[in-house]
Amino acid sequence: MNFSPAVISTGLRTCASGGVEGACAWVAEAKSDGLVKLGVFESPRYGGKLVGQAKDFNRGKNPVRCGKILMAALDEALSKINAEKLRSDRVGVFFGTSIGGIFETENAIVSNFNGCGDISALSYYECSTLAEFVAKRTGASGACMTFSTACSSSSLAIAAACDAIEQGRLDAVLVCGADALSRITVNGFGSLLLLSKGKSKPFDACRDGINLGEAAGVMVLCAKSMSSEYGAKPLAEIVGWGSSADAYHPTAPHPSGEGAASAMRKGLQKAELETDRISLYLSHGTGTAGNDSAEASALRKVFGSKIPPFTSIKGVFGHSLGASGILNAIISVETLRKSIIPKCAGFEAVDPAIGLSPARETVSKEIDCVLTSSLGFGGNNSCAVISKSSSCCRKKVENKRLYVYGCGVLVPGAKFCPQVFSHGYSGDFDIRTQPQKIEISSILKDVSPLKKRKWARLQQIGLQCAANALEGLNMNCGMEKTAVCVGTGLGMVSETARFVESTIAHNEAEPLPTAFTNSVHNAVSSLISLKFGFKALNSAVTAKEISFECALWQAWGEINSGAASAAVIGSFDEYSAYAQKFMESKHPEYVREHPLRDFGAAYFAGGEASCTNGPLAEILGIDFGRRKKDVSAEIALLENLLEKCGVQKGEIGAVFVPCVLNDKISACLSAISEALGAAEIVRLDDFCGASYSASALAIYAAKYRFGRGCHLLYSPASTGMRGATVFKIL
Amino acid sequence: MERQELISELKTNIINTLNLQDLEPGVFGDDTPMFSDDGLGFDSVDALELVVMVENSYGVTIGDKDEAKNIFASVSALADYILANRK
């Protein structure tokens with residue numbers, strides 16, 4: 001068995017017509033005709049800006065524009081393989097997007113989610129909804145998660161998929177990336193003065209910004225030796241991948257390109273390739289002053305004086321944000337197959353400050369390996385090394401042991417203390433009577449107000465939880481090897497609302513750059529890495545009620561691969577009028593009983609040597625999948641998981657559950673708890689209110705309620721998915 | 001509007017725009033560098049907030065990032081720019 005991740009099929013939608021082939025032809029010709037005046041919505045301020053508007057996608061049944069574009073790309077990818085074989089628990093869906101289907105919900109946000117009619121479109125506020133749509137459409141019933149780290153989103157999805165395949169966690173992954181044009185991104189990048197006056201000119205002396213673009217890409221990855229099972233031959237192999245964080249600034253890249261260089265080095269190291277084996281570098285190359293010069297510095301750092309031919313495709317398609325990573329990866333595959341080094345569209349004159357020229361003409365040349373990068377907001381970097389064919393045979397990478405060393409939890413109300421979890425607690429803590437919001441002035445007391453003034457509430461909550469989790473720990477792992485993986489259901493919902501409200505109410509006259517930069521899902525994880533200097537993988541992942549488990553799983557994968565030694569892992573969601581209304585529209589009865597509250601929890605976890613303190617818990621196993629209709633099948637699956645974790649049935653102390661949305665789930669839980677011989681079922685939302693992050697409370701709750709012993713965190717998500725985590729309090 | 005009057009109004013507007021209510025009044029002088037760490041330590045995103053504020057409150061557009069650096073050197077430099085460019 002060869003666990004090397006192979007690309008077996010691709011699908012694309014961009015501003016070029018005709019899927020992957022069409023896009024590749026446009027790249028070869030460096031054609032920029034797709035950049036046209038913004039026509040997706042009326043924009044008084046930015047109506048004259050040129051954007052790459054997607055073509056050929058209106059057949060899709062998805063209710064939102066981003067989804068329609070994605071479904072068209074998906075259809076193309078599925079048409080090239082035996083798609084029936086994707087109907088399996090061993091096939092996952094990893095999606096990367098910065099804003100998903102939020103465009104259609106912008107008006108709903110402004111009306112406070114009142115009277116906004118179509119609830120089905122409303123659910124696309126959550127960018128994970130599109131991934132669920134892909135999973136349902138294809139029948140892929142393994143892990144389904146959405147990475148949202150701004151411009152590097154789909155690159156993180158690719159890297160996570162490669163890890164999952166190499167570690168035998170999944171046989172195949174449908175990796176997707178998509179972003180559509182919206183008021184948020186057009187006004188947001190406009191407010192940062194980053195939109196080009198004309199067409200973007202990557203690496204050019206006169207470059208003046210980006211053209212936004214829409215794109216969706218789908219890449220089917222599987223373990224190389226399994227490709228024939230899906231009726232396909234490998235088109236290329238991903239032989240290296242790596243991610244890093246600058247830990248430098250909320251939006252600007254580190255000018256020296258150090259973070260980007262570190263990701264590239266990790267990718268090359270993973271691929272076990274010398275730099276001279278790279279025949280093409282397909283850059284992030286957005287055409288902003290800051291990105292291109294930082295990226296050029298990174299190239300010098302990694303390649304010295306022998307910089308390979310490099311190019312950017314942003315002058316053809318515009319910058320498709322969360323989709324740009326997978327777009328780059330798919331075009332990389334095509335350059336290998338067609339043996340071309342494409343001209344850098346838009347480039348004319350060398351910038352003396354950069355001193356490098358990207359490809360000036362498209363050249364036919366046999367090429368072997370392409371290195372491609374994505375560099376996102378928050379200094380979030382990820383790269384992939386893609387090879388036409390390789391003789392490399394990867395063995396399965398086994399799980400390392402994962403210990404939890406520290407934890408930090410924040411819930412509104414002064415009465416919340418560890419003792420509320422103990423049996424026979426006689427205090428009067430009741431989450432329903434607690435305030436909705438955490439008193440922000442009571443946290444991060446040692447940070448000056450001048451410093452804090454730009455951090456949104458959820459960022460402050462996240463930072464305080466992380467600080468609590470790290471307090472008193474003697475970390476042994478080094479900043480370069482510490483990752484930050486954050487789960488969130490709704491992300492920065494109040495900052496997003498603030499930005500959209502101001503944009504619409506003032507007819508685009510008052511853009512709020514700080515609200516925009518704070519509105520990205522990775523605003524919390526970036527701030528944690530910035531504050532503590534953590535420079536390994538920095539991720540924000542969302543999957544509704546199982547977001548925390550996804551973050552935990554991703555961090556564990558990064559530790560298994562050796563790319564990180566430890567990680568801050570957490571999940572954060574905030575109360576806001578918007579979030580409350582939004583949840584009421586979806587689960588009215590549930591939210592009445594369990595009103596929405598601010599909640600955050602963070603843990604510091606890593607391998608045995610990552611911390612000299614004694615661990616408080618060990619994570620034994622995590623499993624994701626679509627819940628079985630038959631309760632006994634669900635129980636059998638959990639028994640199988642326990643066996644893999646080496647835990648006997650009678651050893652399970654409690655079943656922790658983040659929420660119980662209906663009677664059917666309640667009955668299922670009782671059956672599970674009885675079959676596993678658990679002493680009790682602990683509902684976490686009784687302690688933290690309704691929160692997509694509630695499952696992150698389990699380890700903390702178990703520590704204070706039970707002391708030593710094994711427990712199961714069983715999360716029956718509203719999407720029909722299950723997250724099952726077995727852990728042991730030590 | 002007199003220059004000094006404009007400077008003091010600008011200070012109020014900057015404090016409100018950038019959420020600086022906790023700033024001690026003495027720290028914010030007419031010539032205090034706004035964007036260097038030995039001054040007020042604003043960053044590039046703050047500058048963009050100020051671009052919007054200046055446009056909406058005074059009808060003066062600042063469209064260029066490099067230009068913005070000099071205009072925002074200090075509150076008095078900003079006042080001079082507004083006085084020179086106001087229609």
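Only protein chains counted, 1.4 angstrom probe. Which residues of the stretch A:439-462 are at least 50 Å² less accessible in the assembly than when their chain is isolated?
Those residues are A:L450, A:R453, A:K454.
Return the sequence-ordered ³J(HN,Hα) values of the stretch A:242-249 in whole Hz as given by the Karplus equation 6.51 cos²θ - 1.76 cosθ + 1.60 applied to θ = phi - 60°, using x for Gly and Pro.
Values, residue by residue: x, 10, 7, 10, 5, 6, 10, 8 Hz.
Viscosity 0.692 mPa s, temperature 37 °C: Stokes-Einstein D of the stretch A:5-387 from its Kirkwood Cα radius, in µm² per second?
The Stokes-Einstein estimate is 163 µm²/s.
Rounded to two decimals, what ratio of Rg to Rh does the protein assembly as shown give with C-alpha atoms and a Kirkwood Rh? Please list the in-between numbers first.
Details: Rg = 25.6 Å, Rh = 26.7 Å.
Over the Cα atoms of the protein assembly as shown, Rg/Rh equals 0.96.
Share of the stretch A:5-387's accessible area from carbon and sulfur, percent, 1.4 Å?
Within the stretch A:5-387, the accessible surface is 50 percent carbon and sulfur.
Of the heavy-atom accessible surface of the stretch A:427-518 (probe 1.4 angstrom), what whole percent is carbon and sulfur?
It is 48 percent, rounded to a whole number.
What ratio of Cα Rg to 2.2 N^0.38 Å holds for the stretch A:212-315? Display every interim value, and only then the final one.
Details: Rg = 16.0 Å, N = 104, 2.2 N^0.38 = 12.8 Å.
Cα Rg divided by the expected 2.2 N^0.38 Å: 1.24.
Can you tell me the equivalent ellipsoid semi-axes for the stretch A:620-729? Use √(5λ) from the Cα gyration tensor, largest first, whole Å.
18, 18, 12
Please list 3J(HN,Hα) in residue order for the stretch A:437-447, calculated via the Karplus relation 6.51 cos²θ - 1.76 cosθ + 1.60 where θ = phi - 60°; whole Hz, with x for glycine and proline.
Going residue by residue, I get 10, 6, 6, 5, 5, 8, 10, 6, 5, 8, 9 Hz, with x marking Gly and Pro.
Could you work out [θ]222 nm for chain A from helices alone, using -39500 (n - 2.57) per DSSP H run of at least four and dividing by all its residues? Round to the nearest 500 deg cm²/dmol.
Details: 23 runs with 234 residues, N = 730.
Here the helix-only value at 222 nm equals -9500 deg cm²/dmol.
Determine the order of B:L23, A:L450 by accessible area, beginning with the largest, at a probe radius of 1.4 Å.
Putting B:L23, A:L450 in descending order of accessible area: A:L450, B:L23.
Would you list which lysines come within 27 Å of A:K31, measuring only between C-alpha atoms, while excluding same-chain residues fewer than 8 positions from it?
Cross-link targets: A:K49, A:K55, A:K68, A:K80, A:K197, A:K199, A:K201, A:K314, A:K338, A:K343, A:K365, A:K388.
Could you calculate, for the stretch A:47-194, the ratio of the Cα radius of gyration to the Kirkwood radius, expressed as Rg to Rh?
Over the Cα atoms of the stretch A:47-194, Rg/Rh equals 1.00.
Please work out the Cα center distance from the stretch A:618-681 to the stretch A:433-453, rounded to the nearest Å.
37 Å
Using the Kirkwood radius over C-alpha pairs as Rh, can you work out the diffusion coefficient of chain B via Stokes-Einstein at 20 °C, viscosity 1.002 mPa s, in µm² per second?
It diffuses with D of about 166 µm²/s by this estimate.
So what is the accessible area of the stretch B:1-47 per residue, in Å², with the probe set to 1.4 Å? Walk me through the numbers on the way to the answer.
On the way: 2640 Å² over 47 residues.
In whole numbers, the stretch B:1-47 has 56 Å² accessible per residue.
What translational diffusion coefficient, to the nearest whole µm²/s, does the stretch A:14-94 have by Stokes-Einstein, given a Kirkwood radius computed over alpha-carbon pairs, a temperature of 10 °C and 1.306 mPa s viscosity? Present the calculation step by step, with values, prior to reporting the outcome.
Numbers: Rh = 14.8 Å.
Using the Kirkwood radius from Cα pairs, D works out to 107 µm²/s.
If you bin every alpha carbon distance in the stretch A:292-382 into 5 Å steps from zero, what whole percent lands in each bin?
Histogram of Cα-Cα distances, whole percents per bin: 3, 12, 22, 26, 24, 12, 2, 0.
Relative contact order for the stretch A:421-573: what percent, with Cα pairs under 8 Å and sequence separation of 6 or more?
32 percent
Would you mind telling me the share, in percent, of accessible area of chain B contributed by carbon and sulfur at probe 1.4 angstrom?
45 percent
For A:K395, list the lysines whose Cα falls under 25 Å from its own Cα; do not include residues on the same chain fewer than 8 positions away.
Filter leaves A:K85, A:K224, A:K233, A:K266, A:K270, A:K481, A:K644.
Heavy-atom accessible area per residue, chain A, 1.4 Å probe: how many Å²?
For chain A, the solvent-accessible area averages 32 Å² per residue.
Distances longer than 29 Å among the Cα atoms of the stretch A:389-547: what percent of all pairs is that?
Tail fraction, whole percent: 34.
Report the local net charge at A:F534: Lys and Arg +1, Asp and Glu -1, summed over other residues whose C-beta lies under 13 Å from its C-beta. Could the numbers behind the result be given before it?
Working: positive: A:K481, A:K531, A:K535; negative: A:D246, A:E480, A:E558.
Here the count lands on 0.
Just for the Cα atoms in the stretch A:344-389, what are the lengths along the principal axes, largest first, rounded to whole Å?
Principal-axis extents of the stretch A:344-389 (Cα, largest first): 37, 36, 16 Å.
Calculate the dipole size of the protein assembly as shown relative to its Cα centre from +1 charges on Lys and Arg beta carbons and -1 charges on Asp and Glu beta carbons; express the result in debye to the nearest 20.
Its charge dipole is roughly 1880 debye.
Mind checking which of A:Y405, A:F416, A:G562 is farthest towards the positive end of the protein assembly as shown's charge dipole, using Cβ charges of +1 (Lys, Arg) and -1 (Asp, Glu) about the Cα centre?
So the residue we want is A:G562.
In Å², nearest 100, what accessible area do chains A and B bury in total when the solvent probe is 1.4 Å?
Values: alone 24010 and 5220 Å², together 27730 Å².
Chains A and B together bury approximately 1500 Å².
Under 14 Å between alpha carbons, and skipping anything fewer than 8 positions from A:K454 in its own chain: which aspartates and glutamates qualify?
Cross-link targets: A:E495, B:D22, B:D43, B:D46, B:E49.
The values are calculated or read from the model by the stated rules, or taken from the named source; none is laboratory data. This one's a predicted model, so the numbers in the text were calculated from it and none came from an experiment. Note that each Cβ is placed from the backbone with ideal geometry, even for glycine, and that neighbours are counted across all protein chains shown. To get the accessible areas, we keep the full protein, side chains included, count just its heavy atoms, and leave off ligands, DNA and RNA. Shrake-Rupley method; radii C 1.70, N 1.55, O 1.52, S 1.80 Å.
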